[in-house]
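Step one of this worksheet: look at the structure below.
Laboratory data are not the source of any read-out in this text; all were calculated from the coordinates shown. Nothing here was measured: the structure is a model prediction, and the numbers come from that model. Because the Cβ atoms are built from the backbone with ideal geometry, glycine has one as well, and the counts that use them run over all protein chains shown.
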Amino acid sequence: MVWEPKIVGFLCNWCSYRGADLAGISRLKFAPNVKVIRVPCSARVEPAFVLKAFQSGADGVIILGCHPGDCHYSEGNYKTMRRVPLLKKMLAQLGIEDDRVALDWVSASEGEKFASVVDAMTEKVRALGPFTSNNAEELEHAKT
Amino acid sequence: MPKLKLALYWASSCGGCEIGQLQIGTKLLQLAAVADIVFWPVAIDVKYKDVEAMPDKSIDVCLFNGSIRTSEQEHMAKMLRDKSNVLISYGACACNGGIPGLANFYNRDMIFNRAYIETPSTDNAGKTMPQTSFQSPQGVLTLPEFYETVRSLAQTVDVDYFVPGCPPEERTTWLALEALIEGKLPPKGTVISNNVKAVCDDCPRKKNVKKVKSFYRTFQMVPEPETCLLEQGLICAGIATRGGCGAPCPQANMPCTGCYGAPEGVIDQGAHLLGAVASVIDSTDPDEIKSIIDNISDPAGTFYRYSLPVSLLRRAKIK
């Protein structure tokens with residue numbers, strides 16, 4: 001079987017999820033690799049969610065929120081804007097490549113942007129190949 | 001009532017847990033009145049073969065400290081599990097991997113290379129590395145195998161209770177021993193500590209809205225004594241650390257480093273602390289945010305100081 005990138009997408013309910021909806025309603029063609037999880041706000045995405053995605057076998061994680069200034073909860077997306085760069089810095093120390101995690105802003109009217117962001121992310125992750133953590137070997141060892 | 005049979009063991013640890021156990025002071029006499037120590041490598045001369053000769057479940061309680069990084073430690077963990085009715089994971093290393101768990105940012109080759117070749121004080125022209133077995137003229141010499149990855153005790157054998165801390169504070173140790181002496185043990189799997197959510201609940205510093213423009217390391221500033229350390233730009237892990245210690249570190253102007261592990265309900269202490277620290281950054285400008293984050297020189301090592309082996313990813317991926 002040919003490997004396809006598995007990407008978990010955390011989409012904010014108020015902008016990006018509707019942007020994704022618009023992309024679908026508009027019958028835009030885009031990569032089918034992002035598994036969408038709807039969250040109330042991009043700030044709902046705890047850093048542990050991203051780690052959990054990788055631990056569960058994801059090859060990449062994309063977080064999409066409202067544009068800065070447009071947050072339904074005033075400043076949730078600013079918290080995301082601070083967390084993701086720190087998370088990426090930490091993930092680099094854990095051996096997870098920068099391109100495996102992305103943060104972008106997609107509004108409810110940006111169906112086309114959603115499609116292009118998803119396509120770009122899919123190609124970046126495809127270029128990196130599958131994410132295999134050292135965990136698998138470690139768990140195997142624990143059994144013996 | 002016959003006396004309790006108590007065993008104490010150390011695996012990959014520094015010896016600080018033994019100090020922690022002695023910290024209970026005169027209460028040791030109370031313990032000695034009800035318990036006999038049958039195995040304690042740091043203090044009494046009982047050999048591994050003596051433990052091996054004990055019948056299964058003949059030890060009432062074993063306090064096991066240290067993480068598991070060698071085959072010898074794994075062997076002893078399994079043996080003490082078989083011989084003990086109650087196995088207590090004692091201290092940060094046994095519970096969460098602890099400081100030795102930071103080795104999970106590397107693998108065995110990198111660690112051996114550093115320790116036996118690269119260190120400036122090492123003279124090892126023949127590049128001799130530890131071998132598990134070596135044929136000498138006098139016979140075969142053996143060493144335990146050094147594993148790629150450090151694990152916690154509960155990742156190795158079934159554990160009954162956890163006593164957190166580096167080392168556990170006297171009050172926490174006594175809480176566990178008191179429960180044993182009185183025979184009032186909590187449900188299996190309990191992390192024994194005073195019932196406090198986070199270190200912040202015990203910390204007397206004044207807490208306000210947290211807005212930080214710059215982070216500092218402890219040697220870069222003298223903190224003001226009454227305000228929350230995180231508000232002053234020191235990365236204090238109290239906000240993401242199980243309480244019960246009484247917050248001695250922040251009261252001594254030292255930020256909490258997280259030795260009691262994740263609070264109840266939190267699965268990944270480092271990620272939790274990362275979320276908290278990033279959220280207090282006082283900026284909405286991506287470039288300024290980046291320069292503030294550049295101040296944090298070792299986020300993974302800081303956030304996972306005691307808990308990398310029990311984190312979601314458990315170790316770094318080495319290319």
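Structural remarks
- Applying a 4.7 Å Cβ-Cβ cutoff to chain A leaves A:12, A:41, A:71 as cysteine residues with no disulfide-compatible partner.
- Shape analysis of the protein assembly as shown based on the Cα gyration tensor places the equivalent ellipsoid semi-axes at 44, 28, 21 Å, largest first.
- Measuring against 29 Å, Cα to Cα, the residue pairs A:35/B:207; A:6/A:88; B:5/B:197 contain A:35/B:207; B:5/B:197 as the ones spanning a longer distance.
- Selection from A:33, B:193, B:235 lying farthest towards where the dipole of the protein assembly as shown points positive, charges on Cβ: A:33
- Distance (nanometres) between label positions extended 7 Å along Cα→Cβ at residue A:70 and residue B:119: 5.6 nm
- Counting only cysteine Cβ atoms and a cutoff under 4.7 Å, chain B contains unmatched residues B:14, B:17, B:62, B:93, B:95, B:200, B:203, B:228, B:236, B:245, B:249, B:256.
- Sequence-separation-based contact order of segment B:160-305, relative, with Cα cut under 8 Å and 6+ spacing, percent: 25 percent
- Charged side chains reduced to their Cβ positions (Lys and Arg at +1, Asp and Glu at -1) give chain B a dipole of some 260 debye around its Cα centre.
- Candidate aspartates and glutamates - alpha carbon under 18 Å from residue A:113, same-chain residues fewer than 8 apart omitted: A:21, A:70, A:104, A:123
- On the principal axes of its alpha-carbon atoms, chain B has extents of 66, 58, 30 Å, going from largest to smallest.
- Three-way shape call for segment A:47-125 based on the alpha-carbon gyration tensor, with the a/c threshold at 1.5: oblate
- Inter-chain shielding of A:50-57 (mean C-beta neighbours from other protein chains, 10 Å cut-off): 3
- Value of relative contact order over chain B, rounded to a whole percent, pairs C-alpha under 8 Å and six or more apart: 18 percent
- Ratio Rg/Rh, restricted to segment B:199-310 and using Cα atoms, in which Rh is the Kirkwood radius: 0.94
- Near residue B:223, once Lys and Arg are set to +1 and Asp and Glu to -1 for all other residues with Cβ below 10 Å from its Cβ, the sum equals -2.
- Cross-link pairs beyond the 26 Å C-alpha cut-off, checked among A:52/A:89; A:52/B:83; A:52/B:317: A:52/B:83
- Estimated FRET transfer efficiency when R0 is 45 angstrom, pair residue A:3-residue B:224 (beta carbons, to 0.05): 0.25
- Projecting the Cα atoms of B:279, B:256, B:302 onto the charge dipole of segment B:199-310 (Cβ charges, centred on the Cα centre) puts B:256 farthest toward the positive pole.
- Simple rule: put +1 on each Lys or Arg Cβ and -1 on each Asp or Glu Cβ in chain B, find the dipole, and look at B:80, B:212, B:125; the Cα lying farthest toward the positive end is B:80.
- Using alpha-carbon coordinates, inclination of helix A:111-128 to the longest axis of chain A, degrees: 20 degrees
- Check: segment B:206-263 dipole with +1 on Lys, Arg Cβ and -1 on Asp, Glu Cβ, in debye: 200 debye
- Dipole magnitude for the protein assembly as shown: computed about the Cα centre from +1 point charges on Lys and Arg Cβ and -1 point charges on Asp and Glu Cβ, it is near 520 debye.
- Inter-chain shielding of B:282-291 (mean C-beta neighbours from other protein chains, 10 Å cut-off): 3
- Shielding by partners, peptide B:268-277 (average Cβ within 10 angstrom, other chains): 5
- The Cβ shell under 12 Å around residue A:57 holds other residues with a net charge of +2, Lys and Arg each +1, Asp and Glu each -1.
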